[in-house]
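Student: Just dropping this structure here.
A short reminder: the numbers here are calculations on the coordinates, not readings from a lab. Please read all numbers here as calculations on a predicted model, not as lab measurements. Cβ coordinates were reconstructed from backbone atoms using ideal geometry, including for glycine residues, and neighbour counts include every protein chain displayed.
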Amino acid sequence: MLDLSKNPQAYTEVLEVLKHTRKEDYDKIPKEILKVFEENRDKTYDFHIDVEKELEEQNLLKETYAIIGFLYRDYWATPEERIIYDEKLKRNEKKAKLKEYSKGHL
């Protein structure tokens, strides 16, 4: 499980990504959540999106990808997309647990 409170740079990256998000999607995020990102971001971390690259190519922190994933799930995904996302998340968690278990037993 990611502890987002220990990486304020992730909040900085998320805020930068959101600057390049469609207004109708941005507006779906509760203001309280955006306030948490703003208050907890690393104000000294200089990060900018390369608009020529896809999100997956931005070399973001894993915490940033996790936050964006949860924004997608909770605010942007349709009910059908949310089900698919949750199933994929569960599969990935199982894979991660199996990988961790294998490290300790091989």
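Student: Divide by every residue of the chain the summed helix terms, -39500 (n - 2.57) for each DSSP H run of at least 4, and state the resulting mean residue ellipticity at 222 nm, rounded to the nearest 500 deg cm²/dmol.
Tutor: Numbers: 5 runs with 63 residues, N = 106.
Value at 222 nm, helices only: -18500 deg cm²/dmol.
Student: What does the charge count around GLU38 come to, taking other residues whose C-beta lies under 11 Å from its C-beta (Lys +1, Arg +1, Asp -1, Glu -1)? All intermediate terms of the calculation are to be shown ahead of the outcome.
Tutor: Working: positive: LYS31, LYS35, ARG41, LYS43; negative: GLU32, GLU39.
Neighbour charge sum, excluding GLU38 itself: +2.
Student: Let me ask something else. Among TYR26, ALA96, THR78, pick out the residue whose Cα is farthest towards the positive end of the charge dipole of segment 4-105, where Lys and Arg carry +1 and Asp and Glu carry -1 on C-beta, about the Cα centre.
Tutor: Going by the Cα projections, it comes out as ALA96.
Student: Turning to a different aspect of this structure: How far apart, in nm, are the 7 Å Cα→Cβ label points at LYS95 and ARG82?
Tutor: Calculated label separation equals 2.5 nm.
Student: Would you look at the GNM of the chain, springs on alpha carbons closer than 10 Å, and say which of GLU81, GLU52, GLU38 moves the most?
Tutor: Looking only at GLU81, GLU52, GLU38, the largest GNM fluctuation is found for GLU52.
Student: Another question about this same structure. Mind sorting ARG41, ARG22 by how few other Cβ atoms lie within 10 Å of their own Cβ, fewest first? Don't skip to the end; give the middle numbers.
Tutor: Details: ARG41 19, ARG22 9.
Final ranking by Cβ density, sparse to dense: ARG22, ARG41.
Student: Arrange the following residues from fewest to most other Cβ atoms within 10 Å of their Cβ: LEU55, LEU60. Working shown, then result.
Tutor: Values: LEU55 12, LEU60 21.
Fewest-to-most ranking of LEU55, LEU60: LEU55, LEU60.
Student: Restricting the calculation to Cα positions, tell me the Rg (one decimal) and the Dmax (whole number) of the chain in Å.
Tutor: My reading of the Cα-based Rg and Dmax gives 15.5, 50 Å.
Student: Scan the chain and note any complete DSSP helix (H) whose C-alpha atoms cover at least 30 Å along its axis and whose Kyte-Doolittle average is 1.6 or more. If you can, show how the numbers build up before the last one.
Tutor: Working: long enough: 79-105 (39 Å, -1.89).
Taking the DSSP H segments of the chain (at least 30 Å long, mean hydropathy at least 1.6), we get none.
Student: At a 10 Å Cβ-Cβ cut-off, how would you order VAL14, VAL36, VAL51, fewest neighbours first? Let's see the in-between values first.
Tutor: On the way: VAL14 25, VAL36 13, VAL51 6.
Ordered from fewest to most neighbouring Cβ atoms within 10 Å, VAL14, VAL36, VAL51 come out as VAL51, VAL36, VAL14.
Student: Follow-up. For segment 22-71, restrict the atom set to alpha-carbon positions and state the Rg and Dmax in Å.
Tutor: Radius of gyration, then largest Cα-Cα span, for segment 22-71: 12.1, 31 Å.
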